[in-house]
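Derivation of every value follows stated rules applied to the coordinates shown; laboratory data play no part. Only a predicted model underlies this, so the values are computations on that prediction, with no experimental measurement involved. Cβ placement follows ideal geometry from the backbone for every residue including glycine, while neighbour counts extend to all protein chains displayed.
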Amino acid sequence: MADNNHDLIDEKLQNLNNDGVDRRGFLKCMAWAGTGLVWTMSGGIPVSRAFAKGYGKDAIKGADFSFVQISDSHIGFSKPANPDVTATLQTAINKINAIPQAPDFIIHTGDLSQLSKPSEFDTLDQVLKGASAKQIFFVPGEHDMLTDNGDQYLQRYGKGTKGTGWSSFDHKGVHFVGLVNVANLKAGGMGSLGHEQLEWLEKDLKGRSTSTPIVLFAHIPLWTIYPDWGWGTDDSEQALSYVKRFGSVTVLNGHIHQIMQKVEGKVSFHTAMSTAFPQPAPGTAPSAGPMKVPADQLQRVLGITDVNYRVSGRSLAVVDSPLADSGASASGNAEPSLDVVDSVHG
Amino acid sequence: MTTKHIWVGGVAMPVLIGMLLLFAVSPSVKANDQPSVENAAVKIDNFVFGPQTLTVPVGATVTWTNADDIPHTSVSTEGVFKSKVLDTDEKFSYTFTKAGTYPYYCTIHPKMTGTVVVQ
């Protein structure tokens, strides 16, 4: 079985380079198409635990630095399937602190809180204080801007950012851009970046060498996953047109509380698990409301995303890990685990 | 309610005239009729406003109730009314005093839209 897994890695990496669709990816894609989702899948398929673990270790070993993405903590949520979202966020932080090569920083891709309440932000701060990585970058989710036009959020987490909280920074040769697509949403639409932010982004990227690896992060996916549920960003195409010339682009999002990914040319899209509660796969439920899972399985559908960067080859490896390893069965899923490995080659 | 719809729609002029006469003669009839006119409800369930289009007479109060585990809002696209954030089971009411069509949406999940028609 282990050999098979390694074969799969090779097959998958090859597919990523050729932008081809492998058989398993295609089948997965077809399964979703059957439920109404039109989704082009070129790479990044859910794979077995052994595969993910083995690859994850290798990725960390040769990495020049790593950072961790967490998302959708929803502090203040207390309904099924997770009455204690503070505890699961704590578990996520413990997991980050246990990574052998400490990540340089953490990115939180929004929905820190459930209702933008000061007490919820306070609780989040308390838990995040325990993270070994001292630097944390944030972008807001729609739950963080429910009142006061997001002033509370901006005061706490948006210092030095522009507009509704967007900003960029460089770290060891990689250019990171945090975008906000949850403000001033229009009736009938999906996520939105808006004219002012797009103009800023174009300027921010102008003049940068095409060999600079780019990481874009935002709350709502910057690719259309499921319009019926608003899982996409209306003007993301314009934003993506600005990064097309770069050799390696990684797009990290949250919002949908599950792992999804695709590779389009040099751009790799990736969504992270929540630290609070899972949401259903597109079209598999009447709505995108919280998915109720048995208590003993909850931590298998929550998790963190570890991103490792190697200067040689300018590659980024994305490794998702659930908060808890699976016990016996995987609730009718043919795949033994929810670990996913994605890799982008610059 | 049935009588009201005929009257409101202007389907049967004799009925309309008859009712106007009735109101003029006996204001108590109108007063008795009002409670049923002024109560209308929209349930927010599974990220949907139900009913999607609600038709009410002038003066009706519409109450939105959030039955989801996720917060929603009910906000007029033209700035006529704006709820606070409605957590589970929380309600918002607005009284429509002018005839017209009032589109609204959830500002958190803008794919969620609805319309109140006031006649």
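Some observations on this one:
- Of A:LYS162/B:LYS111; A:LYS292/B:LYS84; B:LYS43/B:LYS111; A:LYS186/A:LYS262; A:LYS95/A:LYS129; A:LYS134/A:LYS159, those spanning more than 20 Å from alpha-carbon to alpha-carbon: A:LYS162/B:LYS111; A:LYS292/B:LYS84; A:LYS186/A:LYS262
- Looking at region A:48-201 alone, DSSP beta bridges between its own residues are antiparallel in about 40 percent of cases.
- Over all other residues within a Cβ to Cβ distance under 15 Å of A:PRO227, the charged ones net out to -2, with Lys and Arg as +1 and Asp and Glu as -1.
- Peptides B:42-53, A:83-94 ranked from most to least packed, by the mean per-residue count of other Cβ atoms within 10 Å: A:83-94, B:42-53.
- When A:HIS255, A:HIS175 are arranged by Cβ crowding within 10 Å, least crowded first, meaning fewest neighbours, the order is A:HIS175, A:HIS255.
- Placing dummy labels 7 Å off each Cα toward the beta-carbon, the span from A:LYS79 to A:ASP104 is 4.1 nm.
- Burial ranking of peptide ranges B:71-82, A:263-274 (average Cβ count within 10 Å, highest at the top): A:263-274, B:71-82
- For A:PHE121, the shell of other residues with beta-carbons less than 13 Å away shows a net charge of -4, using +1 for Lys and Arg and -1 for Asp and Glu.
- Two-decimal ratio, region A:222-327, of alpha-carbon radius of gyration to 2.2 N^0.38 Å: 1.19
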